[in-house]
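The values are calculated or read from the model by the stated rules, or taken from the named source; none is laboratory data. Every value quoted in this text rests on a predicted model; they were computed, and no experiment measured them. Here Cβ is always computed from backbone atoms with ideal geometry, including for glycine, and neighbour counts include all displayed protein chains. Just the protein is used for accessible areas: all its heavy atoms, side chains included, with ligands, DNA and RNA removed. Shrake-Rupley method; radii C 1.70, N 1.55, O 1.52, S 1.80 Å.
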Amino acid sequence: MPGHKQGRGIDKEFYDFIGPNIFKIDVTIFDMVDGLHHPKSHIKKSPRTYRRNIWCQRKLFHCERHFWWYSGHDLIAIKPGDKILVPRNIHISVSAGIILGGATPVYMQPEIDPVNGIAHGVSPETVKQTLLLHPDTSAVLVINPTYYGIATDLVSIVNIVHGYDIPLLVDEAHGPHLQFADDLPISAMEAGADACTQSTHKLTGALTQAPYCTFRGI
Ligand SMILES: Cc1ncc(COP(=O)(O)O)c(C=O)c1O
């Protein structure tokens with residue numbers, strides 16, 4: 001990794017289109033580059049740089065804390081034994097987080113698109129009804145937007161969840177671009193969510209896995 005060997009292994013048409021520079025900076029782990037699993041220099045410093053950059057946190061990410069995530073989503077707002085409400089169609093990384101965190105999932109049924117046979121987000125009504133049945137829940141997680149790009153009514157969900165004084169976590173893996181354009185659906189942090197995870201490598205562009213997590217007061 002990377003398999004393109006400084007661009008030599010890349011399809012010629014793509015290489016000619018994008019140019020050589022991107023392949024020069026897409027390199028594997030060695031001392032000067034730093035390592036994701038045991039960061040010592042640039043990677044270790046980068047979350048601190050972000051934390052110091054108040055403009056970046058408040059204006060760009062609408063949050064109080066923001067840090068890079070080294071591969072994969074996780075759940076950081078739960079303790080062993082906690083109950084967490086999640087949609088039935090959560091990503092496997094969220095299931096893994098629930099198992100590793102020792103929490104108990106309560107599944108919510110997402111809206112189903114009968115024409116295309118795919119699952120969308122959960123509706124505010126579903127969140128409301130599930131919380132009525134499980135008022136001892138510690139946190140609620142929703143996916144927004146979905147893999148298929150469908151957004152739910154996040155502001156209503158935030159209000160319902162905050163009515164129970166618990167955090168709303170948003171799996172925004174497919175929505176890191178939402179905060180950059182007013183005519184797109186509202187982003188998780190702008191809607192008032194307490195934390196979200198975003199995958200830059202899906203929609204805003206990263207050479208390798210580069211998700212990050214954004215917090216407000218958890
Ligand atoms: C809805 C959803 N959540 C989370 C993830 C995992 O994100 P990451 O690629 O940052 O590990 C994915 C990946 O496909 C996803 O589709």
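I'm trying to understand the selection: among the residues of segment 120-179, which are outside any helix (DSSP H, G or I) and over 22 Å from His91 (Cβ atoms)?
Pro135, Asp136, Gly163, Tyr164, Asp165
Every residue in segment 192-202 that is within 16 Å of the ligand (Cβ to nearest atom) and not hydroxyl-bearing (Ser, Thr, Tyr), please.
Ala193, Ala195, Cys196, Gln198, His201, Lys202
Could you tell me whether any residue of segment 207-215 is part of a loop (DSSP other than H, G, I, E, B) and free of Cβ contacts under 8 Å to residues at least 40 places away in the same chain?
no
I want to confirm something. Restricting to segment 134-191 and keeping residues that are touching a residue at least 60 places away in the same chain (Cβ under 8 Å) and closer than 25 Å to Ala103 by Cα, which single residue is farthest from the ligand (Cβ to nearest atom)?
Per the criteria, the residue is Ser138.
Going by the structure shown, is Gly205 of a type outside the set (Lys, Arg), modelled with pLDDT under 85, open to solvent by less than 70 Å² (accessible area, probe 1.4 Å) and more than 13 Å from the ligand (Cβ to nearest atom)?
Yes, satisfied.
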